[in-house]
Amino acid sequence: TKLDRNTVTRMIKHALHAARRAFSPGLRCFSEASGGEISEDVFERAGSPRLTKQASLYVHWPYCLRRCSYCNFNKYIPRENNDPMMTECLQRETETLLQLSQVSCITSVFFGGGTPSLAHPSTIAAVLESVSRRAYLSDKAEVTLEVNPTPVGKSKLEDYCRAGVNRFSIGVQSLQDGDLKILGRDHSPHQALQTVEEARRLCPGRVSVDVMFGRPKQSAESWENELSELLRVCDDHVSLYQLTLERGTQLFKQVLGGEVTMPAEDVTAEMYQCARRTLHQHGFLQYEVSNFARHKAVSHHNTSYWKGRQYIGVGPGAHGRFVPRGEGGVVREARTQTLEPDVWIREVQQRGHGTRRRIQLSHLELLEEVLVMGMRMSKGINHKHWELFSPQLGLHEVFGTSNDIQELLQSGQLILDDRGLRCSWDGLALLDSILPALLVMLERQISQRLQRDHHADGQTKRISNPQ
Ligand SMILES: C[S@@+](CC[C@H](N)C(=O)[O-])C[C@H]1O[C@@H](n2cnc3c(N)ncnc32)[C@H](O)[C@@H]1O
Ligand code: SF4
């Protein structure tokens, strides 16, 4: 029997909720470059009582100078300067959650937002000091900061590097002045290019640019020209996001009211394919649905999300996934911090953290996340990766027997072989339509396995305890 559409949608939503940034707007990464101390061997089995000792850290800066018309991230326009208080609370929550997780090593740090390039560089330094007080943070660990490419953002880059940042992710979004205005951005294309140049001077090979396609009135032709221009100036990493129309945004209202029109779906699909081809021709490998790197400049922080590793989320509205070992926990939890900065500040001051929601993940939910996130990578999920989370049911056992999946394999969208499970080049563009069949099969196999185990348990009990 097939799961109904709502259930599948719920499963996908659940699996994607925490990692929203990695989904369409990009999440961030893991590495051999992080000093070599991260290895698969130390990443212990998620279901075993031996618990994970490493995590990445996401820090959310919740303020922006204004609201871009398309954005529904957790951000607020500050009424007053409360930077010292935010700094103190980010430090305190970092230390509390590190203690709670008992991780001994932070493999990467990502300062996202909001607009973290509004934060004072001393705030960034202070949070990194807090990390180092409670866990090992290698000098080589990737520390990324999202930057809005305004003159003020640009002028602070050098100080951010001094504070410990070694990678910048710059929100270029578009190189068309008119489009930036429609999107409500507070910078020009020229300012964006200058910021990229300065970031490349400071962190050569470690600068990423965010660009959005599928913007109002955008044509496939203009997109091609824009991409060529971008490729002349960008560094070794590009995150490419299709503009998503989010409820509650100004753009959503404008589209609903007929003031603004979005490009048709076939046009955005062509834009995506065109970008993939062009980036490939310029030496960029697509390593994830929205992410491209050359010279191996992949985002290690985001890769850790896609590989299902633990992460700690600090700051208003941040999400985390970790086992709270410090209070005797043995199961990974999905954790969300309080959204509203003033309320979050109060909570951190009162109890050391602003965790609003904690949900223990069942084994199935964990595997759903591992599947949905892992399939976003071009390499997909190899057998060893899957086995870390599902030691008893291998990829072939879970996915090898279904007719729906056989069809996907035969049509060439999906590949299941001795390397593991992954999408083909064509399949990656259709991932959202492939996932439901995979999730249905996963759910079915895991529940059958549970029933078999339950039955076997009953048999054992009857044998050992016949009355
Ligand atoms: C939320 S922003 C934070 C960083 C920074 N404030 C900026 O605007 O660049 C991170 C990225 O999310 C992406 N993003 C935000 N809203 C989006 C949407 N509705 N559709 C697609 N991408 C979006 C943008 O590309 C942006 O660079
Ligand atoms: S600056 Fe970034 S986080 Fe702030 S509103 Fe614009 S897109 Fe959203």
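None of the figures in this text is laboratory data; all of them are computed from the coordinates on show. This one's a predicted model, so the numbers in the text were calculated from it and none came from an experiment. Here the Cβ positions follow ideal geometry from the backbone for every residue, glycine too, while neighbour counts run over all protein chains shown.
Counting Lys and Arg as +1 and Asp and Glu as -1, each charge on the Cβ, what is the dipole of the stretch 364-464 about the Cα centre in debye, to the nearest 20?
Dipole magnitude for the stretch 364-464 comes out near 320 debye.
When the helices of the chain are scored as -39500 (n - 2.57) per DSSP H run of n ≥ 4 and the total is divided over every residue, the value at 222 nm lands at -14000 deg cm²/dmol. This ranking places D418, D235, D457, D83 by how few other beta-carbon atoms lie within 10 Å of each, fewest first, which gives D418, D457, D83, D235.
Expressed as a rounded percentage, what relative contact order does the stretch 364-464 have, with Cα pairs under 8 Å and six or more residues apart? Kindly include the intermediate steps, with their values, before the conclusion.
On the way: 90 pairs, mean separation 29.1, N = 101.
Once normalised by length, the contact order is 29 percent.
Electrostatic bookkeeping for R185 treats Lys and Arg as +1 and Asp and Glu as -1; over the other residues with beta carbon under 13 Å from its beta carbon, the sum is 0. Spacing of the modelled spin labels on S104 and R162, each 7 Å from Cα toward Cβ, amounts to 3.5 nm. Projecting the Cα atoms of S239, V255, Q91 onto the dipole axis of the stretch 17-305, where Lys and Arg carry +1 and Asp and Glu carry -1 at the beta carbon, places Q91 farthest toward the positive end. Once fully extended, how much extra length lies between R277 and L450, figured as 0.36 nm per residue of separation less the alpha-carbon to alpha-carbon distance? Result for the pair: 57.9 nm of gain on full extension.
How long are the semi-axes of the ellipsoid equivalent to the stretch 17-305, from square roots of 5 times the Cα gyration tensor eigenvalues, in whole Å, largest first?
Details: eigenvalues 196, 96, 70 Å².
After scaling each eigenvalue by five and taking roots: 31, 22, 19 Å.
Count charges around L431 for me, please; just the other residues with Cβ under 11 Å from its Cβ, Lys/Arg as +1, Asp/Glu as -1. Let's see the in-between values first.
Numbers: positive: R376, R422; negative: E288, D426, D432.
Here the count lands on -1.
Of all beta bridges that DSSP places with both ends in the stretch 17-305, some 20 percent have antiparallel geometry.
Taking every full run of DSSP H in the chain, none both stretches at least 18 Å from end to end by Cα along its long axis and averages 1.6 or higher on the Kyte-Doolittle scale. Once the chain from S155 to L256 is taken as fully extended at 0.36 nm per residue, the excess over their C-alpha distance is 32.5 nm.
Ratio of Rg to Rh for the stretch 201-347, alpha carbon only, Kirkwood? Mind dumping the intermediate values first?
Working: Rg = 19.4 Å, Rh = 18.3 Å.
On the Cα set of the stretch 201-347, Rg over Rh gives 1.06.
Along its first, second and third principal axes, ordered by size, the stretch 364-464 spans 54, 25, 23 Å in Cα coordinates.
Compute the signed sum of charges (Lys and Arg +1, Asp and Glu -1) over the other residues within less than 10 Å, Cβ to Cβ, of C274.
Details: positive: R276, R277; negative: E221, E224, E270.
Net charge in that neighbourhood comes out at -1.
For the chain, the residue among G112, I77, Q360 whose Cα projects farthest onto the positive side of the dipole built from Cβ charges is Q360.
Could you give the length gained on full extension between N81 and E407, defined as 0.36 nm per residue of separation minus the Cα-Cα distance, in nm?
On the way: separation 326, 0.36 × 326 = 117.36 nm, distance 5.74 nm.
Length gained, N81 through E407: 111.6 nm.
Against the empirical 2.2 N^0.38 Å (N residues), the stretch 92-239 has a Cα radius of gyration ratio of 1.15. Here's the picture: charge each Lys and Arg Cβ at +1 and each Asp and Glu Cβ at -1 in the chain, and of Q286, N225, L395 the one pushed furthest to the positive end of that dipole is L395. A simple spin-label model places pseudo-atoms 7 Å from Cα toward Cβ; at D418 and V331 they are separated by 3.9 nm. Basic side chains Lys and Arg get +1 at the Cβ, acidic Asp and Glu get -1 at the Cβ, and with that the dipole of the chain about its Cα centre reaches some 980 debye.
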